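Every read-out reported here was derived from the displayed coordinates using simple, explicitly stated rules and does not represent laboratory data. For clarity, every value in this text was computed on a predicted model and none was experimentally measured. When we count neighbours, we look across all protein chains shown, and the Cβ atoms used for this are built from the backbone with ideal geometry, even at glycine.
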Amino acid sequence: MKFGVVIFPGSNCDFDTFHVLKNVIRQPTIWLWHKDHGLQGVDCVVLPGGFAYGDYLRSGAIARFSPLMQEVGEFADKGGVVLGICNGFQVLLELGLLPGAMLRNKNLKFLCQFVTIRLENERTRFTHKGKKGQVLRVPIAHFDGNYFAPPETLKEIEENSQVVFRYSGANGSLTEEANVNGSLHSIAGLMNKRGNVMGLMPHPERASERLLGSEDGRVIFESIISKF
Amino acid sequence: MIDQKNLDNHNLTRDEYGLIVKLIGREPNLTELGVFSAMWSEHCSYKSSKFYLKQLPIKGKNVVQGPGENAGIIDIGDGQVIVFKIESHNHPSFIEPFQGSATGVGGILRDIFTMGARPIALLDSLRFGPLASPKNRSVMDGVVSGISSYGNSIGVPTVGGDVYFNDCYSLNPLVNVFCMGIAEKDKIFYAKAEGIGNRVLYVGSKTGRDGIHGATMASQEFGEEIEHKRPNVQVGDPFKEKLLLEACLEVMDKGLIVGIQDMGAAGLTCSSSEMPAKSGTGIEINLDLVPQREEGMTPYEILLSESQERMLIVAKPEKIKEVKDVFAKWDLDAVEIGKVIEGGQMRVGFHGEIVVDIPVSAIVDLCPIYERPYAAAAQPKKEINIREIPIPEDFNKILMNLVASPTIANKEWVFRQYDHMVQTNTILLPGADASVLRIKDSKKALAVTLDGNSLYAHLNPRAGGIIAVAEACRNLACVGARPVGVTNCLNFGNPEKPEVMGQFKEVVEGISEACKAFEIPVTGGNVSFYNETEGVSIYPTPVLGIVGLIKDINKVVTPGFKEEGDAVVLLGENKEELGGSEYLKIQFGREDGIPPAIDLAKEKAVQELCLEAAEAGFLESAHDLSEGGLAVCAAECGFFSGKKIGCELDLNDEWRPDALVFGETQSRILVTAKSSKLKKLLALAGKKGVTAAAIGKVGGKKIRISLKGKALVNVPVEEVYKEWNEAIPRNFTVK
């Protein structure tokens, strides 16, 4: 499966994501520069973490206007697989490929720490190698990860089982304490209705090697590359 | 005409002015005076410290670059080098905590990537006043947010550092920022302006009026007028710096440039004079071509602006187009503003006139070096009579008080605001003795630590210097790393006061002695004087940044206890020492006595034992004894276990129980080993002539320490953890 990792000028998890896809998951992986045109035949576009264009206005707000992102939008409309991690998730929200928005974390601080997330929907192309209710230990690193959506949107995404991950305790319980950034419905990861676009705030690429303290994030990449 | 008021405004003495006139053969104009003022400031010239710094050991077989460049460079084998340095940003961080610390991060990052290295780790050594004061809380909050905002955005992990609290920092907080990068040995770049006729390019952000005279400001004491200095603080733009980083590394990788220097302190003045001075050439620049973001800037302002995220590049004429293309790709300005000339002059044009025409050597190399008078006042304080100090009854309570002291308490509130995992190399997260980073595609790993106990240095400057080096090396030994290079940040009061100069002299002598004993080279660093406000000086605060190398990443040792039943072994000897301890400070409100004695030969032996035991795979965990002594060390090993596991220890010494449990005697490491490996470990210690005592076992939910069977500490780990964990955040709760 051919992956394309998008580089915005302020991306900073681009190397990390590229490294995991190429050297850990061992898939052909190429760079997609934000000013270029053409997705060069990739099967999956990954929007990595970072601060796309500095994010001084609002996380991901400028990135949606980049030339390449118009093409990523069309790619997604045709059913192409798109994964947004952290800032990539924020960009997908700004682009309207996923519903909702991000607010500042509830404690108004940047948060970098390992969290545990519960797998809510295993019947997706991003998670079918995992089990429902499985708890993954994966790091987060963001300022704006407090998921927000109006009640009717929340109702809709819950009814469609679009919530893929929720922040939970290590035993899978949903508590206020475990919901570190204050997200509505403890939402950590979300897909579109069609199931080909997913965004998540935690960083699976930081939890894909034993040396880094967790390999739980691999299940996402391994699901993407396996037959669904 | 230059009058006394001009000189006062520029912080230059009459004598210095006389020398300037002699060097250039005439009176300087105001712009030239500004150039001299910035370059001859303490911050840029090291005029008060150079004389003493000469004694530091700077040679070693792996040293590629010692002091004098943007950063030091050490060969780590396999064609790779590490590039690292520490710098202070104390003055700006007090005036404007957020921007002050943020631009400190920006500045040290540029020092590293200007040499061709990709930055892989940031660490910060922070010193604040007590958190009871709202002002101190707001300074700490601002400083941490500033570091977080800059480092997180640019994508370099902030992997650790240290934070201390003391009254002496209330009006003078310290922000020392360390950065390390990694480069290929054959792709290192220097601040050179070689090749007559080569072009000088200005790249990065536009120049504004911010930070004019930042270097001069950092070379003065503060009085009540400090609020007016806020415009002297620069404003950082981490996104611009990220672009600059990528663009610079790209032109270097493609071999398009001859030399490069960042515009940090003293801005364009510093880069455009140092580069030719190092190459024996001159430089000609036209200020009309400098990209400016404000109108009507004078040559004085353009030359002395400390606007951030700018670099000066020297490149061959035929490469200019390619260089410009790379910068255009990253949406940055790259403008030709001059060329390298023969003759050693710095010639600056503006609106068709020459506004500066002075020899670069006069600005860079001929600043007077002062051997300032020092007072022998910095003698060790008298030993306290330990018998006069009552031995308290309730050791559990003392342990709770100690872990709640912010200096000892959990710093997670700080570290979790930093992205410490980006780049996916961080093996050992912040909070451990040292931070450990893997090197991708290699078995090796790097360890980094910052350390410096200023209370020790206050009580005995020389001992403070020695212990700072010894403890930093011990931190490295605890994770299984051998020290390879040192950088230091020396924070002091006003060097014109003999007692401050005395402290400085002795601290440097101490650092020098210890580095020689450990055979580790000092590759650079930074001196920050004038940390005085309203006549009150900080304690002498040496901060040592030491980098270590781990040959086999699978042999890294971590501080947390691993499993119930593991044997606990104390490496090193107990003694009866309480001077300068956190225990005396917290329990009795005393900051006196003499700091613990240190025997460098014994220290080295203990560290060598720890390293060999780690390499032989004998150790399950290792953690050094420092502030709060054995009790705090054992408690932390439990916290770091991830399971809040306890231990049961029994001591067999003749010393006072409080000294045994809370004393800070040096050269001690608490390790654990599987019972099957205990014999081997003790045998190795015997062979090395190091005292090692099996003092108990890991296990249970309590921290239990007894002396010859008599219980001293007996308290649930959970309770101690709660105090340790909440001591800092409780000051910052959003209500």
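Here are some notes:
- Applying the set (1) aliphatic (A, V, I, L, M); (2) farther than 15 Å from B:SER153 by Cα; (3) in a loop (DSSP other than H, G, I, E, B) to A:LEU57 leaves exactly one unmet item: (2).
- The one condition from (1) surrounded by fewer than 16 Cβ atoms within 10 Å (Cβ to Cβ); (2) in contact with a Gly (Cβ under 9 Å, 6 or more places away or on another chain) that A:ALA178 does not meet is (1).
- Matching entry among A:PHE89, A:PHE75, A:PHE18 (being part of a helix (DSSP H, G or I), in contact with a strand residue (DSSP E or B) (Cβ under 8 Å, 6 or more places away or on another chain), surrounded by 24 or more Cβ atoms within 10 Å (Cβ to Cβ) and not charged (D, E, K, R)): A:PHE89
- Helices (runs of 4 or more DSSP H) (entirely within the stretch B:228-331) containing at least 3 residues that are farther than 24 Å from B:TYR46 by Cα, in contact with a helix residue (DSSP H, G or I) (Cβ under 7 Å, 6 or more places away or on another chain) and within 14 Å of chain A (Cβ to nearest Cβ): B:238-253
- Selection within the stretch B:456-476 - aliphatic (A, V, I, L, M) and crowded, with 24+ Cβ neighbours inside 10 Å: B:ALA457, B:ALA463, B:ILE466, B:ILE467, B:ALA468, B:VAL469, B:ALA470, B:ALA472, B:LEU476
- Residue satisfying condition, being away from chain A (no Cβ under 14 Å), within 30 Å of B:ALA631 (Cβ to Cβ) and surrounded by 14 or more Cβ atoms within 10 Å (Cβ to Cβ), within set B:PRO359, B:PRO392: B:PRO392
- Every residue from the stretch A:25-57 that is surrounded by fewer than 17 Cβ atoms within 10 Å (Cβ to Cβ), in contact (Cβ under 8 Å) with a residue 12 or more places away in the chain and within 14 Å of chain B (Cβ to nearest Cβ): A:TRP31, A:TRP33, A:LYS35, A:ASP36
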